[in-house]
Amino acid sequence: MLVNTYSKRIFNIAYQFAGSYQEAEDLTQDIFLKLNNSLSKYDFKRNFSAWLFTLARNYLIDQYRRTKWEKQTRDDFNDHYLSSEAFENPEEGVVKEENKRTVWQGINNLTSEIRMAIILRDIQGKQYEEIAEIMSLPLGTVKSRINRGRLQLAKILKEKKERRNEM
C-alpha cells in the first residue's frame with residue numbers, strides 16, 4: 001500500500017535529484033527498502049508523508065555525497081514538472097529545451113542542501129512549512145536557503161548568458 005501511494009512522488013524526487021530514469025528507479029527501490037527497515041522507528045505523532053520525504057531526502061543526499069553525482073544535462077527530464085506545452089514551431093521547442101538544460105546545469109552547481117530546497121519548492125511546488133518538516137530545518141533556514149539558491153542560480157544563469165552572448 002505504501003509503495004502504491006508514494007512511489008511516484010518518491011521517484012520524481014529521485015529523478016530530479018539523480019537526472020537519470022534508471023538511477024531514479026534504483027534509488028526509489030532503495031528508499032522503499034530503507035523505509036521497510038525504518039518503519040519501527042516511525043513516531044505516529046508525526047506526519048508520515050513528511051517523515052518519508054525526510055527519509056528519502058537524507059538517503060538521496062547520502063548517495064550524492066558517496067558518488068558525487070553532478071549531471072550536466074537533464075535530457076530525459078519528465079516535462080510534466082517544467083511544463084509540457086505544445087510548441088508553435090520547431091525553433092521554439094529547441095530554445096525551450098536549451099533553456100531547460102541551462103537551468104538544470106545551474107541547479108547542478110548549487111550545494112546539495114540548497115538544490116534539494118529549490119527542487120522541493122520551485123519544481124515540486126511544496127509549501128515552505130512542508131519543506132521545513134521534510135528537511136528537518138527551521139522555517140527561516142528553509143526560506144533563507146531557497147532565497148540564497150535563487151540568487152545563486154540567477155547569478156549562474158546570468159554569467160552563462162553573458163558568456164553565450166560574447167561568443
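Rule-based calculations on the coordinates, nothing more; no lab input. The structure displayed is predicted, hence computed values, not measured ones. So basically every Cβ, Gly included, is an ideal-geometry build from the backbone, and we count neighbours across all protein chains shown.
Remarks
- Residues being assigned to a helix (DSSP H, G or I) and under 30 Å from LYS45 (Cβ atoms) - total across the stretch 123-167: 17
- When the stretch 24-45 is filtered for residues that are touching a helix residue (DSSP H, G or I) at 6+ places or on another chain (Cβ under 8 Å), under 27 Å from THR111 (Cβ atoms) and either free of Cβ contacts under 8 Å to residues at least 24 places away in the same chain or part of a loop (DSSP other than H, G, I, E, B) (or both), the ones remaining, listed by number, are ALA24, GLU25, THR28, SER38.
- Long-range neighbours under 9 Å by Cβ, at least six apart or interchain, first residue on the phi > 0 side of the Ramachandran plot and touching a residue at least 60 places away in the same chain (Cβ under 8 Å) within the stretch 131-152, second assigned to a helix (DSSP H, G or I) and polar (S, T, N, Q): SER136/THR54; SER136/ASN58
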